[in-house]
Each structure stands twice: as C-alpha cells, then as structure tokens.
Amino acid sequence: MTTRDLEDYEQRVAGATRLLDDFNNQLANELDQQNGGFRWWTGFSDWKTLTMLSDYLLQSLGGTSESLTSASLQADVHRQASSDEDKVYRNALADFKDSGSVDIEDFLKALLNEPLARRRSLTITESAEACLFHLGQTLDRLAAAVIIVGGFGFKDVATAYWNDLEKLAVELDTANTTSQPQAISRQATTPSLTTPVEPLGAPGRRVQEALVAPVLGWEQFGPTDWLTWMREARHGLTHRSPASKFNADRGDDRLARLFYRQPRWSEVQALVFGSKPPNRSIFDTFILTASTDVLDGLCGSTAQLVESLTDAMMACWAARKANPSMIVQQGRLWRKVDPQEPLSQFPGYGDAVSFDSRQIRVSSVENKRYLAARISDDRRRDWYK
C-alpha cells in the first residue's frame, strides 16, 4: 500500500504504524519455526515460555498499530459528525430566525429532538470516548512490547500497563542520578534475575536506558501535559460517571464540543474548583479548543511517541541480538503457560456458524507465528507433554 492509497486518518499515524509493521515483519522472519521463540533466545528458558513471549511480542506490536489506527479513525468519525452537527445547527438557526419565534424551545427541538439528531449527538460523544480509549490501549500494548524487547525482569508481561513501563523508566533514570556507575561482573551479579532492570555498569544497562528514554521524554511530542491529560481523560470516561456535554458557539454559526480541563474530577468539582472567581472565569473549567482539534492533536502526538519508542526498540533488539548474553531474556516475564482454568461454557447468541474446518486463511505474519507456536494438529500435542 502506497501513501496515495491511505485515507487521512491512516496518513496521520502512518509514520508510527509503518515502523511498527516493519518491525513486526522483521521479527516474524526471525522466529524459530522448529523450536519456538527466536534462535538467539535459545537457553534463556524452556521452549514453551519463550514461544509464549515471542508470540506475545508480535501480538503487541501488531495490536499497537491497530489501536493507533483505530484511534485516528474515531477522531475522523468525531470530526465528520461534528461537521454534520454544524450544518444542522446553521439550518436550524436560520429557520428559527425566519420563523419570527421567540421561543427557544422551538430551536432546541429542531436541533436536538429528531431521531437523527439524537444519533448524531451520541456519535459525537461515543467517537470521542472511543478515540481516547484506543489511545490508552495503544500505550498499554506498546508497553508490553517494550518490556519484552528490553528483557526487563517484569513479572507477567501479559498484565503490563503503560504506568509499569513508566516505573521502569523512572527506576533507570533515578539510579543514574543518585548513584555512581561501577564496573560490575555479570557472572558475579546475575542481574535481572532478582531486579527488574540491569544494574549500573552492566553491559545491558545503557541499552535499556536508551530504550526507555522516550517514555520520560514524552513532553517533546506535544503541548504541556498532553499525555497526562489524555490518560486521565481516558480513565475518567471509561470508569467514572459522565459529566454534562457543553457545546460552544464559535461565533461563525459553528459549534465546538469542549472537553473538561480536569477530566477525572466530578462535574461539580470541575465547575466549582476549576474556575475560582473572581480571578478565573467559569469557562476555565474547559479546554477552550474544539474537541475535534484536541483529538486530532492527541493522535498525532501519540503517533510521534510510538514512532520514537519503536525506533528505540529496533535499536535495542539489534544490540541484544548481536550480543545475546548482554541481557537475559527471562522466563519470569511469562507467568503461566497453561492457564489451568475451567473452559468457558458460553455458547454465544443466535444460530451456530458452520465453516470449512479444513483450512484457515491468514496473513504471512500470522502464518509464521502459528508455525513457530506449534498450533497445527500434528504439533499441538507438544504443548501437553
């Protein structure tokens, strides 16, 4: 697919998604299809654990690309629905003025109470929430990939979130500013078997530091507090009761949906404490730029952060591959191979679907993943031994 084939929402994040997809393809080609994992991982743990880790790495990279694209698509849906709302608003306002009515309820009924108006308003709200959800999902999936690539001693990478990666980055950065580097014998210290990061002076320390540098340098990719606000907005919209939606007339017969400046506060908290008189207007409760521009900007900033971290992952991978003993790829990253849980008995809804079970068509990357993971009938038995 060329640049000319991309839609606007794809083009906005293409720098990051292309790099993610390139790295994913590279790793798929490096999979050991006979023994699982990657060849240079041999000996770090048992084949089952290394297979789980290698496959989850590819899943996380592909998932990050998918999430970022989904976020950008939802921002596009939000902008289109908002544009449609503007057209309806202008027409309703013109009709209201022409009618000579002074009853504002007539205007509001035309703007809000029609079935299409209700659907459009909900689309504006839900597309904004979906965009923020996918942006947060992008970071969580990326965090898992970075943790595996860096060989960090994290317990159970399948439960990792972005804030876990932040903690690792802070630990690496804090140790640098509070301790003096020392020459440390790898054999003597067995690093990463007891601590999550390589110790100061160990060969892999600087490689890990370079890998996570963009995590602490996120401010360079957008305006002040962009990432903090985005994550708090995602958390608030996902887990908290919704606040009232405010549309501002921009003065040109266009509306702008406004986001709250403190998205995790309750609505009353935001209105009372986010705009203390007499020094602050009640409008300081809100970010005074249109929600469409905010979401577009967040997608762009997140894409830049993802691209920077993917570059760092590729450099870390190359360094570790050239010197595998530098950092141990620990089995503790994957807590349990066999979930040992009762299988779900949920049958789904509707009629059962019948399909041709003789073949499954998958992409080339997935085909390589499945071969290395031994999921075919003739090799799946290896997992039960």
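The set of residues from segment 251-268 being out of contact with any strand residue (DSSP E or B) (no Cβ under 6 Å at 6 or more places or on another chain), over 19 Å from ARG231 (Cα atoms) and surrounded by 14 or more Cβ atoms within 10 Å (Cβ to Cβ) comprises just one member, ARG254.
Among the residues of segment 220-232, those that are under 19 Å from GLN137 (Cα atoms), in a helix (DSSP H, G or I) and either of a type outside the set (A, V, I, L, M) or without any contact (Cβ under 8 Å) to a residue 24 or more places away in the chain (or both) comprise PHE221, TRP226, THR228, TRP229, ARG231, GLU232. Only residues that are in contact (Cβ under 8 Å) with a residue 60 or more places away in the chain and surrounded by fewer than 16 Cβ atoms within 10 Å (Cβ to Cβ) were counted in segment 87-105, giving 2.
I'm checking my understanding of the structure. Among residues of segment 347-384 that are under 30 Å from ASP164 (Cβ atoms) and assigned to a loop (DSSP other than H, G, I, E, B), which one is nearest to the chain's Cα centre (by Cα)?
Within segment 347-384, the first condition is being under 30 Å from ASP164 (Cβ atoms), and the residues that meet it are 363, 365-366, 368-370, 372-375, 383.
So of that shortlist, the ones also assigned to a loop (DSSP other than H, G, I, E, B) come out as 363, 374-375.
Numbers: SER363: 23, ARG374: 29, ILE375: 28 Å.
It comes out as SER363.
Is it fair to say LEU108 is buried (at least 24 other Cβ atoms within 10 Å of the Cβ) and not hydroxyl-bearing (Ser, Thr, Tyr)? No: the conditions fail for LEU108.
For segment 187-208, which positions are crowded, with 18+ Cβ neighbours inside 10 Å and either of a type in the set (Asp, Glu) or at pLDDT below 55 (or both)? Those that are crowded, with 18+ Cβ neighbours inside 10 Å and either of a type in the set (Asp, Glu) or at pLDDT below 55 (or both): PRO191, SER192, GLU198. ASP140: of a type outside the set (Gly, Ala, Ser) and either closer than 27 Å to LEU237 by Cβ or not in a helix (DSSP H, G or I) (or both), yes or no? Criteria met by ASP140.
The values are calculated or read from the model by the stated rules, or taken from the named source; none is laboratory data. In this text, all values refer to a predicted model and were calculated from it rather than measured experimentally. Glycine gets a Cβ as well: all are built from the backbone with ideal geometry, and neighbour counts include every protein chain shown.
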